[in-house]
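Report on one structure; see the data block that follows.
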Amino acid sequence: MKFRLLALACLIIAAPCLAQRHKVTIDTGTKEGTLLQEIGEQTDEAQKIAKLEQFVTAYPKHEGIVLVYELMVTSYAKAGQPDKAMSAGDQLLALDPEDAQGAHEVLKAAEAKKDPDAVKKWAVMTSEAARKVVKSKPKEGEEEEDWKHRLDFAKQVDVYTEYSLFWMLAQTADPKKKIELAETLAARNPDSQYLVQVEPQQFLSYLQTGENEKAAALAETAIAKNRASEEMLVALAGHYRAKKETAKAIEYASKALAAVESRPKPQDVPEADWEKRKSQLAGRANFFGGVALFDASKWMDADKMLRAALPGIKDDVQMTAEALFSLGVANYRIGDKGPTERIKDALVFSQQCAAIKSRFQAPAQTNIRAIRSQYRIR
């Protein structure tokens, strides 16, 4: 599945209004005051960083230390030093838990590093800082207009943290990291606009890591919110078939087929690719529905779905073998009590299955001998 990354340009407009959040009175008659003045006048980023680090070492308890950490975050980010920016960010948020802008800058540094763990951590911390602002009151002496800007920015930042988690998930190949990012996003906002694109990847990641029950639970939730993908419905049909929950397997196979049929072709997908994908999805949906019906001894219905499945599952040897074996048995059962031409179909399907190396090969060979013997077919 392709992700569609959405821009959040609205965040850019608010940031300049909030520069220099932490005010401090500079007494140039002291060493620390002189150093703060030099920091403020410094235009060379490398020199500024050196002086900021000097201040932190020399005056860690100074009233202006929070401003210094604010400036360090910005300078480290500009200098392409995300680890140091994050370290300074930890100190900044410890001193001012409501500094949503500072947290946002650190989050951007984590994104630049493309570190899933760092993005997850700072998306949460940034969201928490933003929500603290939303719940707070204007600071003493804060102008109403400034307060409105800070509040509006905090709301935008909170939304941006959802996008950040979504964006990082799209860049990550590790299914375990995808799961962590997706679960973090859902925890921050169960109704996030990004979940509709995240959940199919989260679902697949659960399957890849063997967390089938979590995959099924996620799919059920997505279905309840009317945002389940065709892939999720097909996989859910397979999940319930494996658990021998026949009715649910058939139900979700039918839902998957309906979804595949009704889904319009995405604009950026070539017609041939789309038809192939639809065939594969329909093939698997018919397969899981067909074998579930087979398990329930509903031979006619199983035969119909499994025949329909064959074109779409031809690239899966083991799935094809099981479908052919089941068709052989189903047609034997139908023909043994009705139309005898079904016996010929049973023999053909069994022969096709026997030609494939699979766990059904030997049973298919046994069935072939039994059919030939019973009906005296050479």
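Within the option set Ala112, Ala79, being in contact with a helix residue (DSSP H, G or I) (Cβ under 9 Å, 6 or more places away or on another chain) and either under 23 Å from Ile179 (Cα atoms) or buried (at least 18 other Cβ atoms within 10 Å of the Cβ) (or both) holds for one residue only, Ala112. The condition of being assigned to a helix (DSSP H, G or I), at negative phi, modelled with pLDDT under 95 and open to solvent by less than 30 Å² (accessible area, probe 1.4 Å) does not hold for Met168. Reported count of residues in the stretch 190-215, each being under 24 Å from Ala110 (Cβ atoms) and open to solvent by less than 40 Å² (accessible area, probe 1.4 Å), is 9. If you go through the stretch 28-38 and keep only what is surrounded by 13 or more Cβ atoms within 10 Å (Cβ to Cβ) and either within 43 Å of the chain's Cα centre (by Cα) or not in a helix (DSSP H, G or I) (or both), you end up with nothing. As a summary of the residue check, Glu98 satisfies the conditions (1) outside any helix (DSSP H, G or I); (2) under 28 Å from the mean Cα position of the chain (by Cα); (3) charged (D, E, K, R) except for the one numbered (2).
Considering each residue of the stretch 144-154 in turn, at least one proves to be open to solvent by less than 20 Å² (accessible area, probe 1.4 Å) and assigned to a helix (DSSP H, G or I). Among residues of the stretch 188-216 being in a helix (DSSP H, G or I), of a type in the set (Gly, Ala, Ser) and in contact with a Phe, Trp or Tyr (Cβ under 9 Å, 6 or more places away or on another chain), the one that is nearest to Ala129 (Cα to Cα) is Ala215. Gln374 meets all of the listed conditions (1) of a type outside the set (Val, Ile, Thr); (2) assigned to a helix (DSSP H, G or I); (3) open to solvent by 60 Å² or more (accessible area, probe 1.4 Å); (4) closer than 23 Å to Lys243 by Cα but one, namely (4). Condition first: within 16 Å of Arg307 (Cβ to Cβ), surrounded by 18 or more Cβ atoms within 10 Å (Cβ to Cβ) and of a type outside the set (Ser, Thr, Tyr). Now tell me which residues in the stretch 344-371 satisfy that. Correct list: Asp345, Ala346, Leu347, Phe349, Gln352, Cys353. Of the residues making up the stretch 62-79, those that are touching a His at 6+ places or on another chain (Cβ under 9 Å) and outside any helix (DSSP H, G or I) number 1. As for the stretch 135-142, it holds at least one residue that is small (Gly, Ala, Ser), closer than 25 Å to Pro97 by Cα and open to solvent by less than 30 Å² (accessible area, probe 1.4 Å). Lys178 - would you say it is open to solvent by less than 30 Å² (accessible area, probe 1.4 Å), without any contact (Cβ under 8 Å) to a residue 60 or more places away in the chain, of a type outside the set (Phe, Trp, Tyr) and over 26 Å from Glu63 (Cα atoms)? Considered against the rule, which asks whether it is open to solvent by less than 30 Å² (accessible area, probe 1.4 Å), without any contact (Cβ under 8 Å) to a residue 60 or more places away in the chain, of a type outside the set (Phe, Trp, Tyr) and over 26 Å from Glu63 (Cα atoms), Lys178 comes out as yes. Residues in the stretch 120-130 that are farther than 16 Å from Glu180 by Cα, touching a helix residue (DSSP H, G or I) at 6+ places or on another chain (Cβ under 6 Å) and not aliphatic (A, V, I, L, M): how many? Residues in the stretch 120-130 being farther than 16 Å from Glu180 by Cα, touching a helix residue (DSSP H, G or I) at 6+ places or on another chain (Cβ under 6 Å) and not aliphatic (A, V, I, L, M): 2 in total. Using the structure shown, decide if Asp152 is of a type in the set (D, E, K, R), farther than 23 Å from Pro82 by Cβ and more than 12 Å from the chain's Cα centre (by Cα). Criteria met by Asp152.
The values are calculated or read from the model by the stated rules, or taken from the named source; none is laboratory data. Values in this document were obtained by computation on a predicted structure and should not be read as measured data. For neighbour counting, all protein chains shown are included, and Cβ atoms are generated from backbone atoms with ideal geometry for every residue, glycine included. Note: areas computed on protein heavy atoms with side chains; ligands, DNA, RNA excluded. Shrake-Rupley method; radii C 1.70, N 1.55, O 1.52, S 1.80 Å.
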